[in-house]
Amino acid sequence: MTTPDNWQKSSYSGEGDGNDCLELASTPTTLHLRESDAPATIITTTPAPLTHLLDAIRAQAL
């Protein structure tokens, strides 16, 4: 697997280069997530399962 080079930091992480943020990178078919303080550990998924997870989280928050 090729490591993406288009990592974007979550807007909830604030400014600067802190080591407590979620980063996301994408390719045409996959999404890659990592925590900035453990960049070698990457979770790879497709949009559909991640959408289901986020929907479930939002449903629990209501």
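The values are calculated or read from the model by the stated rules, or taken from the named source; none is laboratory data. Only a predicted model underlies this, so the values are computations on that prediction, with no experimental measurement involved. Methodologically, a virtual Cβ is constructed for each residue, glycine included, from the backbone with ideal geometry; neighbour enumeration extends over all protein chains shown. Accessible surface areas use protein heavy atoms only, side chains included; no ligands, DNA or RNA. Shrake-Rupley method; radii C 1.70, N 1.55, O 1.52, S 1.80 Å.
Kindly indicate whether Thr51 is among the hydroxyl-bearing types (Ser, Thr, Tyr), in a helix (DSSP H, G or I) and surrounded by 10 or more Cβ atoms within 10 Å (Cβ to Cβ).
Answer is yes for this residue.
Is it the case that the stretch 48-62 has a residue that's at pLDDT below 85 and more than 13 Å from the chain's Cα centre (by Cα)? Reasoning before the result, please.
Of the residues in the stretch 48-62, the ones at pLDDT below 85 are 61-62.
Applying the additional criterion that residues be more than 13 Å from the chain's Cα centre (by Cα) yields 61-62.
So far as the stretch 48-62 goes, yes, one or more of its residues are at pLDDT below 85 and more than 13 Å from the chain's Cα centre (by Cα).
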Seminar exercise, completed: For the stretch 27-47 the number of residues that are open to solvent by 60 Å² or more (accessible area, probe 1.4 Å), at pLDDT 90 or above and in a strand (DSSP E or B) is 2
